[in-house]
Structures are given as structure tokens and as C-alpha cells.
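Please treat every number below as a calculation from the coordinates, not as lab data. From a predicted model like this one, the values you see are computed outputs, not experimental measurements. In this analysis, Cβ positions are derived from the backbone assuming ideal geometry, glycine residues included, and neighbour counts consider all displayed protein chains.
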Amino acid sequence: MTQRPWLDHYPAGIDPVLAETTLAHVPALVRRASAEYAKTLAFTQVMANGMNGSLKYRDVDAHSDSFAAYLREVVGLKQGDRVAVQMPNALAYPIVAFGVMKAGLVLVNTNPLYTPSEMIHQFKDSGAKALVVIDMFADRLPEVLRETDIGTVVTVRISEFFPPIVAGVIRLVQKWWSKTLPRITVEHTSFRSALSAGEKHRTVAQVDAYLDGVGPDSLAALQYTGGTTGVSKGAMLSHGNLVANTLQLLQMNGEYITPGKETALTALPLYHIFAFTVNLLGFYHVGARNILIPSPRPPSNLKRAFENYKITWTTGVNTLFNALLNERWFAESPPKHLKASAAGGMALHESVANKWREVTGTPIVEGYGLTESSPVLSFNPLGGMFKDGSIGIPVPSTEIACVDEKGKEVAVGEPGELIAKGPQIMQGYWQQPDETKNTVKDGWLYTGDIAQMDSDGYFTIVDRKKDMILVSGFNVYPNDVEEQIAAVPGVLEVGVIGIADEKSGEAVRAYVVASVPAPSAESITAHCRQYLSGYKVPQSIVFVDELPKSPIGKILRRELRDSAAASSSSTKGA
Amino acid sequence: MGESLIILAEGANQATVVNELEQTLLRVFILIIMFGLGAGLTPKDFSLAVRRPWGLIIGWVTQFGIMPFVAYILIVTVLFQFSPPQEVGLIALGALIMGSVPAGTTSNLFTYFSKGNLALSLTMTVNSTLWAFVMTPLVLFFYANLLDLGESVAIEFSELAIVILGLIVPVGLGMLVRRFSANAGAVLELVGGVFGVLFIPFLIAIWVPRNWQLLLSTEWPTYAVAIGLGLVGIFAAYGIARLIRLHPMNARTIALETGIQNGPLAIAVIVAVFIDNPRVDEILLIPALYSLFIVIISTLVTLWFRRANVAEEQKIPNLL
């Protein structure tokens with residue numbers, strides 16, 4: 001690749017090449033930070049009512065050693081075995097995730113809201129031998145377990161490591177008020193007893209020995225993805241991938257992070273790759289205190305966290321930032337200690353970014369990545385020039401190019417498929433050689449996203465390849481249309497898709513969640529006419545109560561298309 | 001807090017309607033409820049409230065304007081129509097006190113169930129509780145004079161103010177606890193809420209059986225005032241809130257907030273100030289009846305409110 005104009009835009013003092021690291025794997029990163037910040041608070045879990053529990057760095061290290069020892073000595077797992085973990089953000093999560101990796105095992109993050117059939121697919125495909133699951137969702141296990149190889153189930157409470165009285169109150173509320181504790185009918189071990197069993201077997205030297213032979217190229221996690229395209233596949237992320245990506249994104253934003261002094265809000269689920277790498281690994285590495293939010297919906301669940309802690313960093317997705325800005329308590333009394341926010345996971349709307357800066361008085365920058373790239377590929381450099389609507393420049397030691405159908409690089413400003421190369425690119429899809437061949441070619445990851453690069457080397461995502469709408473032969477990118485509609489006063493959320501149309505092949509349809517009084521469909525159309533070419537203006541606008549979303553809040557256009565197709569076929573049938 | 005306890009404890013031996021054990025329990029209840037209320041607050045809540053004061057102003061007006069006025073109207077049009085004012089003066093006084101005390105924490109619970117604006121409800125409860133120090137004696141003084149109750153019943157209004165102040169102190173202490181331990185604050189808040197709800201069964205279990213005869217001999221106008229106070233209060237506030245075009249969610253909140261008074265506080269105040277009065281049971285009659293019936297009224301109103309099209313309303317930006 002010849003064009004690398006971004007090299008001129010790294011902020012002063014930031015090396016475009018990733019510094020050499022001695023960290024051979026994730027446990028080494030954990031070990032080092034745990035020693036350096038031993039007495040510092042590492043994690044604080046905050047419930048919606050303000051109840052909380054905390055773990056120090058040294059506690060995280062010791063408990064995860066115990067959990068590693070439990071998995072190897074008591075359960076008898078062997079290096080490379082897969083362990084599925086299914087829980088919301090909670091203090092037990094880092095213990096379990098780090099414990100699995102310290103034991104030389106492979107982490108399989110699983111969405112706690114999965115249906116039994118989704119769970120069966122993921123557990124069977126990964127060949128998981130053990131499952132660590134939040135007790136609130138353990139009632140689905142009988143039908144799931146008999147289809148899988150899972151031989152050990154460890155159940156975790158949401159109140160793990162909370163002060164005893166507080167944990168007791170939470171337990172009482174769960175049992176008698178919210179009724180969220182189903183009876184668990186399968187054989188299981190409680191997290192507490194697993195830890196104490198592990199503790200008996202634990203010595204640091206022995207735990208370190210579990211990693212004999214584990215290096216940067218060893219598999220660390222199977223991160224399932226592609227749920228939005230159909231059958232989900234396990235992206236094979238190595239220890240080297242995760243460590244490199246952690247260091248890449250820290251190197252990019254170095255001057256905005258003071259080691260040992262940051263407090264980061266972790267409202268996105270840690271089982272998702274964005275929060276996993278950025279918050280769990282990234283902020284852990286720099287000695288920050290992670291504020292874990294088990295459930296960020298409704299956004300008022302974050303109120304106590306903002307009130308009680310001096311949050312200096314937030315990570316989130318467009319939906320979360322937008323929701324916070326619509327909360328009165330947040331907008332009128334924004335966090336005083338905030339330094340910066342990082343957005344990813346989905347396009348950050350310019351209107352949201354601007355309002356966020358206006359309300360909080362701090363920068364927000366957008367980055368980009370995929371599960372397949374651990375995930376960060378590019379970011380707007382906080383200390384340098386950042387461009388709204390752009391996903392920024394490649395993180396250190398990463399190359400990005402836009403290519404045409406034949407794999408040839410397109411000219412500056414021309415749209416093409418974004419491909420990327422770097423130390424964070426996955427090893428492939430688990431047991432899917434054909435899918436891997438289609439996605440990773442010569443070390444380049446083909447993302448399926450259409451992007452363009454400007455003359456400064458900043459990239460802008462035009463859209464997902466498969467979300468593109470073809471109106472009478474013209475390409476319409478839903479993002480373009482959504483961005484315009486989102487700017488209409490009274491529009492809270494919008495999702496744009498193409499629906500089959502006899503005349504134009506496909507027609508643009510917008511699904512809008514509006515406030516009351518709602519803007520009229522005519523006023524939205526009029527706004528679009530002003531800013532978009534005629535063929536991009538929605539043919540129909542549908543007002544809905546809510547839009548289908550992924551676990552991190554990404555609007556699922558595929559589901560909108562499915563329901564549009566289903567309703568049009570049912571009308572035809574009627 | 002210490003001060004109020006001393007005042008509350010004075011002359012307890014003469015009580016017939018509320019015995020010493022009940023008084024102690026009552027005090028503990030109030031303390032916990034008020035503590036819990038404070039534990040849910042930060043100074044930020046106040047600065048926020050001041051910046052967007054409309055909800056509070058409306059709440060203030062309904063709380064100290066409408067409720068005492070409703071009590072007054074009910075006394076004049078119902079109570080005094082069937083008995084000479086001299087005979088039912090003390091019952092009327094009880095009704096006035098019930099109308100003049102601030103909002104109770106139970107309103108927060110019903111607001112939650114009726115899908116109202118919980119944040120607004122909480123701020124309104126706190127706001128009216130703090131204002132009660134000045135407003136309750138003032139309003140009471142005004143209507144007691146209007147009804148000519150002042151001479152038949154000697155009320156030490158300054159004493160009343162001190163009692164209320166003493167009850168507000170736990171709110172501040174709760175805030176302090178919250179400041180130093182979010183966990184202790186959250187637990188206290190939860191416990192306070194539970195006690196606010198438990199007050200009614202407590203009343204039914206302890207007070208009703210022993211005062212059964214009194215309840216039987218009570219004439220219907222008294223019941224009418226006790227029930228009407230909550231009912232009319234809720235609907236008057238709801239009507240006003242809708243009239244000035246508040247978001248239905250906020251209108252529901254203000255309605256419940258206005259109609260649901262702090263029953264335990266009214267009873268505690270009466271016990272503290274009037275315990276030496278041999279006819280204290282008459283003053284307590286309406287607050288006790290009100291506290292019993294308001295649960296039924298609020299439940300019915302909440303069921304009615306819940307039928308509103310909530311999904312559509314959730315998207316209306318919160319103007320208050």
C-alpha cells in the first residue's frame with residue numbers, strides 16, 4: 001500500500017509504530033498492573049440505587065489466581081480448553097475472565113440475554129467444557145446443557161464481593177421483590193466455593209506454570225460475532241492480538257490518561273469486545289478505577305454512578321451518549337471531572353457529538369473496529385486533529401486501505417471496502433476455514449464496511465456493504481439519511497433501511513422514534529429534501545415506539561428489514 | 001433529632017389513643033422514614049430543583065395552598081353542617097393538621113407504580129418537608145383563626161415549628177450518611193421506603209383493634225372528611241396540572257404527591273404538641289382515618305392512572 005497520509009497527523013510525541021512489548025500474554029499484563037497499582041481500587045460495581053462493592057488491584061490478582069487454580073486443579077481442565085462466561089458487568093467478571101486466561105484456557109464471552117438456542121449454538125461450536133453464569137439466568141440451563149459438552153457450571157451472584165449486609169439486602173430484594181432468582185435445577189458450584197477451593201491449591205508459581213508454552217500466538221478468546229448477518233462465528237483472538245490492541249489504543253490517547261489516576265465509566269457490557277479491550281484491559285493496564293454498571297438501561301441507572309464517583313473517562317456508543325443527553329439530571333449537571341469520552345460500536349452522530357461537547361465541555365472522539373480486530377483499528381487522536389463523522393486515523397502499527405471489488409486500492413475520496421492489517425487482526429474464525437479465507441486475505445482483514453479516505457488520511461465509514469440501498473441503480477447509504485433525520489428536532493432515534501419496491505428496485509424507509517409532540521412525516525421529508533439528493537429522501541416514514549437494538553445499543557437494521565419484509569408479505573397475503 | 005425526641009416523649013403517660021409503646025414505635029418509624037428520605041438525596045438534587053423550579057413551585061402551591069384549603073372546605077361544608085363547631089372543633093383541628101403537613105414518602109412509591117416521574121416526586125417530597133418548618137404552622141395558624149379554633153384550642157405554633165424542625169433533622173443526617181457511604185445511604189433509603197409502607201399495616205394491627213369502639217361511634221361526616229381530603233386533593237391537583245398543560249406523567253406525580261400527605265408525621269406532631277390535652281384522641285381521629293383510607297384511594301387512583309397510554313408518554317420530553 002502506498003498511501004499513508006495519516007502518518008503526518010499523529011499528535012506530537014506519539015509514535016506511529018507500536019512500541020515493543022515484553023508482555024507475552026494477557027495474564028502478564030494483569031500481573032504487571034496488579035503489582036504496580038496493588039493498593040489502588042481496580043473495580044467498583046454500582047447498582048442503580050447506589051449500592052456498591054469494590055476490588056483492589058491486588059484482590060483482583062489474588063482472586064483470579066484462585067479461580068485459575070480452581071479451573072485447573074479442581075475441575076481438571078487442560079490448557080486450551082474453552083470456558084464460557086455469561087454475566088453482566090459485575091465484580092466477578094474480571095476475576096473470572098482473568099482467571100480463565102491465567103489458567104491457560106480460552107475465554108468464550110457469551111451474552112447473558114441469549115435464548116437457549118443461541119446459547120446451544122455458541123457452546124457447541126466453541127466446545128466449551130465449563131460455564132460461569134450469573135444465577136439470574138441459570139434457569140435456562142437444563143435444556144441447554146444436555147446438548148453441549150459443558151461438565152461444570154459455576155454460578156455467580158450479582159452482589160459478589162459486596163459488603164455482607166448490602167449483599168444480603170440485594171439478595172432479599174432479588175428474591176422477594178424483583179423475583180429474579182430462579183431455582184437452579186442443574187448441578188452447580190457457587191462462585192464463592194469455587195474460589196475457596198481454588199485458594200487451597202493456589203501458589204503464584206504454580207498458576208504461572210499454567211501458562212507454560214502460552215505466548216502471543218496462543219488463543220486467548222473466542223469472541224462470537226456475525227449475529228447480525230446470520231450464524232454467529234467465533235473470532236479467534238490471540239493473547240498477542242489483545243495485548244497489542246490494548247497498547248495501540250493507549251499509545252494513541254496517551255496524554256489524556258494519567259496512570260493510576262483515572263476513573264472510567266464502564267456502562268457497556270464487558271462481554272462485548274469494545275468494553276473488554278478498552279475498559280477491562282486498557283484501563284486496567286493504566287491503573288484506572290473501572291466503574292462497572294450491570295445494567296445501563298434505563299439511563300437513569302447511571303445517575304448514582306455519576307453522582308458518587310469522579311468519573312474522568314467514559315466509553316460508549318451513540319445510543320448511550322444520546323440517552324444520557326436526554327436525561328435531565330445529566331444535561332443540567334454534567335460530570336465535573338470528565339476529561340474525555342470515546343465512542344465506538346456504531347456511527348456517532350454529529351449532532352450527538354456536538355451536543356456532548358457542548359453539555360460536558362469535554363472532547364468526544366469516535367473510533368472504529370470490529371470483533372475480528374480485537375476491536376480497535378482507528379481512532380481520532382485526542383491530542384491531535386479530530387474530525388467529526390470520521391473514524392480517525394489508524395492506530396499505531398495499523399494499515400488501512402479502501403479497495404474496489406478487485407482488491408485494488410481506490411483513489412483518495414473514493415468509496416471502497418475498508419481493509420486493515422496489523423497485530424490486532426484475528427487468527428481466523430474458529431473451525432471455519434472457508435469463512436476465514438473470505439475475510440482475511442494476505443493478512444488483510446476485509447471488513448465489509450464501505451469507507452473513504454480523505455487527503456489527511458482520515459477515514460469515514462460510508463456504510464455497511466450489506467446495508468447499502470440500491471435505488472434505481474443509485475447507492476444510498478443509510479448512515480447519510482439517518483444523520484440528517486437525527487438532526488430534525490423531536491427525533492430521538494432513527495433507523496433507515498431499503499424495502500423492496502416495484503418501480504425503483506428498493507426504496508428508502510425510515511423508522512423514527514420521536515418525542516411528543518412528534519415532528520410530522522412531512523417536516524422530516526422536507527428536511528431531507530433540503531440536504532439530500534432526491535433519490536436518498538425516504539419514500540416512507542414509520543413512527544415506532546422503539547427500534548431493535550444489539551446488546552450494546554446498536555440499531556439492528558437487519559431486524560427492521562426482517563419485520564418490514566414479514567409485514568409486507570402478510571399484507572399481501574391478506 | 002434529640003430535641004424532637006424529648007418533646008415527643010413529654011407527657012406520654014396521659015395518652016389513651018396512642019400508648020407509650022406506640023409512640024416509641026412511631027418515633028422510630030418517622031426517624032427511619034425521614035432518614036431514608038435524606039439518604040436518597042445529594043446537594044445536587046437541590047441545585048437541580050432550583051434551576052428548574054416549576055415543578056417545585058406547582059408542588060408547593062398544591063401542597064400548602066390546595067390541601068389545607070380542601071381540608072378547610074370539607075370542614076365547613078361537611079363536618080360543621082352536621083355538628084356544632086364547638087363539639088367537633090378538635091376533630092376539625094386534626095383535619096387541618098392533616099391538610100397542612102408535607103407530602104409523605106408513600107407518594108414516591110405510588111408515583112413509581114403509576115409510572116410517574118419519580119425524580120420529581122422525590123424532590124417534591126423533600127421540598128415540602130423542608131418548607132413544612134415554616135409553612136405548616138403558618139397555614140395552620142391562618143385556617144385555625146378562620147375557623148375560630150384558635151381560642152378553643154391553644155396551639156403553640158412555635159412549638160409546632162420546633163417539632164417539625166426536629167423531624168427534618170434526620171433528613172440532613174441521611175444526606176450526610178449518604179455522603180460518606182453510598183452503601184449505607186442506599187440501604188437506609190430502601191429501609192425507609194419499606195417502613196413508609198409498613199406504617200399502614202402497623203396502624204391497622206395496633207391502633208384499629210384498640211380503638212374499635214371509637215371508630216364505630218364516629219359519625220359519617222368525619223369519615224367523609226378523612227376520605228375526601230385525599231381524594232379531592234389528588235383530583236384537584238391533577239386537574240390543575242393538566243389545565244396548565246403539564247406532561248401527563250408529571251400531572252400524575254403532582255396529583256399523588258399532593259393528595260398523599262405524611263400521615264405518620266401528622267400523628268407524631270399531634271402526639272408531641274397535644275399529648276396533655278385530655279381529648280387528644282379526637283384530634284388524632286382524622287389523621288388516623290386518613291392514613292388508613294389513603295392507601296385504598298391511592299391504589300385505586302394508581303390503577304386508573306396505569307390505564308393511561310404510557311408507552312406514548314415516555315417519549316414526551318420531561319419539561320419539569
- Using unit Cβ charges (K, R positive; D, E negative) and no other charged atoms, how large, in debye to the nearest 20, is the dipole of the stretch B:178-260 about its Cα centre? 280 debye
- For n ≥ 4 DSSP H runs only, could you compute -39500 (n - 2.57) per run for chain B, divide by its residues and tell me the 222 nm figure to the nearest 500? -24000 deg cm²/dmol
- Other chains near B:176-186: what is the mean number of their Cβ atoms within 10 Å of each residue's Cβ? 5
- Can you grab the distance from the C-alpha centre of the stretch A:181-221 to the C-alpha centre of the stretch B:183-199, Å, no decimals? 38 Å
- Message: Taking just the alpha carbons, could you work out the radius of gyration and Dmax for the stretch A:498-574, both in angstroms?
- Response: 13.8, 38
- For A:47-55, mean number of other protein chain Cβ atoms within 10 Å: 4
- Task: Give the Rg/Rh ratio for the stretch A:446-557, taking Rg as the radius of gyration of the Cα atoms and Rh as the Kirkwood radius, to two decimals.
- Result: 0.98
- Task: For the stretch B:154-299, just say rounded, prolate or oblate: build the C-alpha gyration tensor, square-root its eigenvalues into a ≥ b ≥ c, call rounded for a/c under 1.5, and beyond that prolate if a/b exceeds b/c, oblate if not.
- Result: oblate
- Query: What's the FRET efficiency of B:SER47 with A:THR258 using the Cβ-Cβ distance as r and R₀ = 22 Å, to the nearest 0.05?
  - Reply: 0.15
- Between the alpha carbon centres of the stretch B:39-64 and the stretch B:281-303 the gap in Å comes to 26 Å
- Note on the structure: Convex hull around the C-alpha positions of the stretch A:326-417: the volume in Å³ per residue is 133 Å³
- Over 28 Å (Cα to Cα) among A:LYS175/A:LYS310; A:LYS102/A:LYS175; A:LYS179/A:LYS303 -> A:LYS175/A:LYS310; A:LYS102/A:LYS175
- Gap separating the Cα centres of the stretch A:281-341 and the stretch A:377-399, nearest whole Å: 22 Å
- Item | Segments A:378-386, A:205-213, A:416-424 sorted - mean Cβ within 10 Å per residue, highest first | A:416-424, A:378-386, A:205-213
- At least 18 Å along the helix axis (C-alpha) and Kyte average at least 1.6, DSSP helices within chain B: B:157-180, B:182-202, B:280-306
- Note on the structure: Within 10 Å of the Cβ of an average residue in A:165-173, the count of other chain Cβ atoms is 2
- Message: As a test of the formula, what do you get for chain A when each DSSP H run with n ≥ 4 contributes -39,500 (n - 2.57) and the sum is divided by the residue count, at 222 nm and rounded to the nearest 500 deg cm²/dmol?
- Response: -8500 deg cm²/dmol
- Quick one: Debye curve from the alpha-carbon atoms of the stretch A:381-453 only, equal weights, vacuum; give me log10 I(q)/I(0) at q = 0.14, 0.20, 0.21, 0.26 Å⁻¹ to two decimals. -0.50, -0.91, -0.97, -1.23
- What is the Å³ per residue value for the convex hull set by the Cα atoms of the stretch A:241-336? 96 Å³
- Item | Calculated on alpha-carbon atoms, Rg and Dmax of chain A in Å | 23.5, 72
- Query: Among bridges DSSP assigns within the protein assembly as shown, what percent are antiparallel (round to 5)?
  - Reply: 55 percent
- Note down the magnitude of the dipole of the stretch A:468-573 about its Cα centre, charges +1 on Lys and Arg C-beta and -1 on Asp and Glu C-beta and zero elsewhere, to the nearest 20 debye. 160 debye
- Item | Extent along principal axes [Cα atoms of the stretch A:259-397; Å; largest to smallest] | 40, 30, 26
- Message: Ignoring solvent entirely, what values of log10 I(q)/I(0) come out of the Debye formula for the stretch B:2-303 at 0.09 Å⁻¹ when each Cα is a single scatterer?
- Response: -0.39
- Query: Which of A:VAL30, A:HIS285, A:LEU131 sits closest to the plus end of the dipole of the protein assembly as shown, meaning its Cα is farthest towards the positive end, when Lys and Arg get +1 and Asp and Glu get -1 on the C-beta?
  - Reply: A:LEU131
- Would you look at the GNM of chain B, springs on alpha carbons closer than 10 Å, and say which of B:THR222, B:THR77, B:THR111 moves the most? B:THR77
